[in-house]
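The numbers here are math on the coordinates, done by the rules we state, and not lab data. None of these values were measured; they are calculated from a predicted model. A quick note on method: Cβ atoms are made from the backbone with ideal geometry, for glycine too, and the neighbour counts reach across all protein chains shown.
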Amino acid sequence: MFVDFFYLLRDSGIPVTPTSFLKLHEALKSGLVKGLDDFYSAARTILVKSERYFDMYDQLFAHFFRGAELP
C-alpha cells in the first residue's frame, strides 16, 4: 500500500527518493505514526523536500487515501 503511494508521488513529479521512503518506514516501525493523520504529516515531512510540492502532495494523498478526485 505505502509502496504504491510512493510510486504515485514519484510518477506524478514529486522527487521522492528510496532513502526517504526507508526513513518513513522506520518512523512507521518505531510507532511514531498512530493513524492516517499522523501518516499524512510524517510522509509529507519526510518525503517532500520542497514546499513547492506541498499542494500536489495534498491532492495525491487525498486521492490515494480518501478517494478524492484529482483536478
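Worth pointing out:
- Val3 versus Arg66: modelled label distance in nm, points set 7 Å from Cα along the beta carbon direction: 2.8
- Against the rule of thumb 2.2 N^0.38 Å, how large the Cα Rg of the chain comes out: 1.02
- In nm, spacing of pseudo-spin labels at Leu22 and Tyr40 (7 Å Cα→C-beta vector): 3.0
- Cα-based helix-to-principal-axis angle, 18-29 vs the chain, degrees rounded to 10: 60
- Peptides 15-25, 49-59 ranked from most to least packed, by the mean per-residue count of other Cβ atoms within 10 Å: 15-25, 49-59.
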